[in-house]
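Visitor: Below you'll find the structure I mean.
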Amino acid sequence: FRAVAILNPSGWWFLILAALWLFYMAVAGLSLTTDVFERNLVKARRVLFVSMTLGLSSAFTLIANILTGRYTPEFLETMHLYGFSALRFNVVETSFPDFGVQSLWAVAAAAASFSPKFAKAIFAAAAVMTVAVVFAAKCFISDAVTGAYVGVIAYYAAAWIKSENRENTPLISL
(Lines give C-alpha, C1' and ligand atoms only; values in the text may rest on other atoms or scores of the structure.)
Protein backbone atom coordinates (compact mmCIF):
# COMPACT_ATOMS: atom_id res chain seq x y z
CA PHE A 1 0.00 0.00 0.00
CA ARG A 2 2.93 2.34 0.56
CA ALA A 3 3.89 2.03 -3.11
CA VAL A 4 0.38 3.02 -4.21
CA ALA A 5 0.23 5.84 -1.65
CA ILE A 6 3.48 7.26 -3.02
CA LEU A 7 1.86 7.65 -6.47
CA ASN A 8 -0.34 10.48 -5.17
CA PRO A 9 1.42 13.73 -6.12
CA SER A 10 -0.36 15.65 -3.35
CA GLY A 11 2.32 18.26 -2.85
CA TRP A 12 2.96 18.65 -6.55
CA TRP A 13 -0.55 19.30 -7.86
CA PHE A 14 -0.15 23.08 -8.01
CA LEU A 15 3.12 22.80 -9.93
CA ILE A 16 1.69 20.17 -12.30
CA LEU A 17 -1.38 22.29 -12.99
CA ALA A 18 0.69 25.45 -13.51
CA ALA A 19 2.92 23.63 -16.01
CA LEU A 20 -0.12 22.22 -17.80
CA TRP A 21 -1.74 25.67 -17.98
CA LEU A 22 1.46 27.20 -19.36
CA PHE A 23 1.69 24.41 -21.93
CA TYR A 24 -1.87 24.96 -23.19
CA MET A 25 -1.40 28.73 -23.26
CA ALA A 26 1.84 28.36 -25.22
CA VAL A 27 0.24 25.97 -27.70
CA ALA A 28 -2.72 28.34 -28.07
CA GLY A 29 -0.38 31.28 -28.62
CA LEU A 30 1.67 29.44 -31.22
CA SER A 31 -1.34 28.04 -33.07
CA LEU A 32 -1.86 29.06 -36.66
CA THR A 33 -5.61 28.52 -36.81
CA THR A 34 -8.45 29.92 -34.76
CA ASP A 35 -9.84 26.44 -34.13
CA VAL A 36 -6.64 25.18 -32.49
CA PHE A 37 -6.38 28.41 -30.49
CA GLU A 38 -9.93 28.05 -29.15
CA ARG A 39 -9.52 24.36 -28.24
CA ASN A 40 -6.32 25.02 -26.29
CA LEU A 41 -7.83 28.07 -24.62
CA VAL A 42 -10.74 25.91 -23.41
CA LYS A 43 -8.25 23.37 -22.05
CA ALA A 44 -6.32 26.13 -20.27
CA ARG A 45 -9.56 27.38 -18.69
CA ARG A 46 -10.35 23.88 -17.50
CA VAL A 47 -6.92 23.62 -15.88
CA LEU A 48 -7.60 26.96 -14.15
CA PHE A 49 -10.88 25.57 -12.84
CA VAL A 50 -9.10 22.51 -11.45
CA SER A 51 -6.54 24.86 -9.86
CA MET A 52 -9.31 26.95 -8.31
CA THR A 53 -10.94 23.82 -6.89
CA LEU A 54 -7.60 22.67 -5.48
CA GLY A 55 -6.92 26.11 -4.01
CA LEU A 56 -10.28 26.25 -2.24
CA SER A 57 -9.92 22.78 -0.78
CA SER A 58 -6.32 23.41 0.28
CA ALA A 59 -7.24 26.66 2.02
CA PHE A 60 -10.04 24.99 3.97
CA THR A 61 -7.83 22.03 4.85
CA LEU A 62 -5.05 24.31 6.09
CA ILE A 63 -7.46 26.17 8.34
CA ALA A 64 -9.02 22.92 9.61
CA ASN A 65 -5.58 21.43 10.31
CA ILE A 66 -4.55 24.48 12.31
CA LEU A 67 -7.82 24.54 14.27
CA THR A 68 -7.97 20.84 15.08
CA GLY A 69 -4.33 19.78 15.17
CA ARG A 70 -4.91 16.02 15.06
CA TYR A 71 -1.69 14.05 15.27
CA THR A 72 -0.77 11.71 12.41
CA PRO A 73 -0.51 7.94 12.89
CA GLU A 74 3.28 8.34 12.78
CA PHE A 75 3.15 10.15 16.11
CA LEU A 76 1.05 7.36 17.56
CA GLU A 77 3.67 4.79 16.51
CA THR A 78 6.82 6.70 17.45
CA MET A 79 5.92 8.99 20.36
CA HIS A 80 2.65 7.42 21.52
CA LEU A 81 0.82 10.69 20.96
CA TYR A 82 -2.82 10.41 20.00
CA GLY A 83 -5.46 13.07 19.88
CA PHE A 84 -5.73 16.73 19.12
CA SER A 85 -3.54 19.72 19.83
CA ALA A 86 -5.48 22.73 18.58
CA LEU A 87 -3.94 25.87 17.10
CA ARG A 88 -0.66 24.23 16.08
CA PHE A 89 0.82 25.90 13.05
CA ASN A 90 3.01 22.91 12.13
CA VAL A 91 0.70 21.21 9.64
CA VAL A 92 3.26 18.47 8.93
CA GLU A 93 2.33 16.91 12.26
CA THR A 94 -1.44 17.10 11.69
CA SER A 95 -3.73 15.08 9.50
CA PHE A 96 -7.36 16.17 9.89
CA PRO A 97 -8.42 16.40 7.08
CA ASP A 98 -5.59 14.80 5.16
CA PHE A 99 -3.89 17.08 2.62
CA GLY A 100 -3.06 14.26 0.20
CA VAL A 101 -6.58 12.91 0.08
CA GLN A 102 -8.29 16.28 -0.22
CA SER A 103 -6.03 17.35 -3.08
CA LEU A 104 -6.57 14.04 -4.83
CA TRP A 105 -10.36 14.26 -4.59
CA ALA A 106 -10.47 17.96 -5.51
CA VAL A 107 -8.49 17.29 -8.70
CA ALA A 108 -10.46 14.09 -9.41
CA ALA A 109 -13.86 15.76 -9.03
CA ALA A 110 -12.90 18.72 -11.19
CA ALA A 111 -11.23 16.55 -13.84
CA ALA A 112 -14.16 14.11 -13.93
CA SER A 113 -16.55 16.98 -14.61
CA PHE A 114 -14.75 17.65 -17.89
CA SER A 115 -14.52 14.04 -19.04
CA PRO A 116 -17.69 12.16 -18.10
CA LYS A 117 -16.57 9.09 -20.08
CA PHE A 118 -13.66 8.59 -17.69
CA ALA A 119 -15.41 9.77 -14.51
CA LYS A 120 -15.87 6.27 -13.08
CA ALA A 121 -12.24 5.39 -13.71
CA ILE A 122 -11.04 8.68 -12.19
CA PHE A 123 -13.14 8.18 -9.06
CA ALA A 124 -12.10 4.54 -8.79
CA ALA A 125 -8.43 5.54 -8.94
CA ALA A 126 -9.04 8.21 -6.29
CA ALA A 127 -10.78 5.66 -4.06
CA VAL A 128 -7.92 3.16 -4.44
CA MET A 129 -5.39 5.87 -3.58
CA THR A 130 -7.45 6.90 -0.55
CA VAL A 131 -7.60 3.34 0.75
CA ALA A 132 -3.87 2.96 0.12
CA VAL A 133 -3.10 6.11 2.12
CA VAL A 134 -5.10 4.75 5.07
CA PHE A 135 -3.56 1.27 4.89
CA ALA A 136 -0.06 2.76 4.57
CA ALA A 137 -0.73 4.51 7.92
CA LYS A 138 -0.31 8.00 6.50
CA CYS A 139 -3.58 9.13 8.08
CA PHE A 140 -6.55 7.80 10.00
CA ILE A 141 -9.67 6.70 8.14
CA SER A 142 -11.68 9.66 9.44
CA ASP A 143 -8.99 12.01 8.13
CA ALA A 144 -9.20 10.39 4.69
CA VAL A 145 -13.00 10.48 4.57
CA THR A 146 -13.04 14.11 5.66
CA GLY A 147 -10.34 14.95 3.11
CA ALA A 148 -12.38 13.35 0.34
CA TYR A 149 -15.46 15.25 1.49
CA VAL A 150 -13.58 18.55 1.52
CA GLY A 151 -12.22 17.91 -1.97
CA VAL A 152 -15.65 17.15 -3.43
CA ILE A 153 -17.33 20.06 -1.64
CA ALA A 154 -14.58 22.37 -2.93
CA TYR A 155 -15.46 21.24 -6.46
CA TYR A 156 -19.09 22.25 -5.91
CA ALA A 157 -18.01 25.56 -4.37
CA ALA A 158 -15.75 26.28 -7.36
CA ALA A 159 -18.54 25.33 -9.76
CA TRP A 160 -20.86 27.73 -7.92
CA ILE A 161 -18.29 30.52 -8.07
CA LYS A 162 -17.82 29.99 -11.80
CA SER A 163 -21.50 29.40 -12.53
CA GLU A 164 -23.28 31.67 -14.96
CA ASN A 165 -26.75 30.33 -14.09
CA ARG A 166 -27.17 32.33 -10.91
CA GLU A 167 -29.36 35.42 -10.67
CA ASN A 168 -26.35 37.70 -10.45
CA THR A 169 -23.21 37.75 -12.56
CA PRO A 170 -20.57 35.07 -12.03
CA LEU A 171 -17.99 35.82 -9.38
CA ILE A 172 -15.14 34.61 -11.61
CA SER A 173 -15.31 34.29 -15.35
CA LEU A 174 -12.86 31.67 -16.63
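Visitor: Compute the accessible area per residue over the range 23-72, keeping the other protein chains in place, probe 1.4 Å, unit Å². Don't skip to the end; give the middle numbers.
Guide: Working: 2630 Å² over 50 residues.
Heavy-atom accessible area per residue stands at 53 Å².
Visitor: Which of the peptides 147-158, 108-119 is most tightly packed, and how do the rest follow, judged by the mean count of other Cβ atoms within 10 Å per residue?
Guide: 147-158, 108-119
Visitor: While we're here: Taking amide H positions as placed 1.01 Å from N in the peptide plane, with prolines and chain starts having none, which residues 5 or more places from ARG70, or on another chain, fall under 5 Å of its amide H?
Guide: Sorted by chain and number, the residues that satisfy this are SER85, SER95, PHE96.
Visitor: For the range 140-151, in order, what is each residue's ³J(HN,Hα) by Karplus, 6.51 cos²θ - 1.76 cosθ + 1.60 with θ = phi - 60°, in whole Hz (x at glycine and Pro)?
Guide: 7, 5, 5, 5, 5, 5, 5, x, 5, 4, 4, x
Visitor: What's the extension gain from GLU74 to ILE141 if we count 0.36 nm per residue and subtract their Cα-Cα distance?
Guide: Numbers: separation 67, 0.36 × 67 = 24.12 nm, distance 1.38 nm.
Going from the current span to full extension adds 22.7 nm.
Visitor: At 7 Å along Cα-to-Cβ for each site, give me the label-to-label distance between ILE161 and LEU15 in nm.
Guide: Taking the simple label geometry, ILE161 and LEU15 are separated by 2.3 nm.
The values are calculated or read from the model by the stated rules, or taken from the named source; none is laboratory data. Since the model is a prediction, treat every value here as computed from it, not as a measurement. Note: ideal-geometry Cβ built from the backbone for every residue, glycine included; neighbour counts use all protein chains shown. Surface accessibility is based on the protein's heavy atoms, side chains included, excluding ligands, DNA and RNA. Shrake-Rupley method; radii C 1.70, N 1.55, O 1.52, S 1.80 Å.
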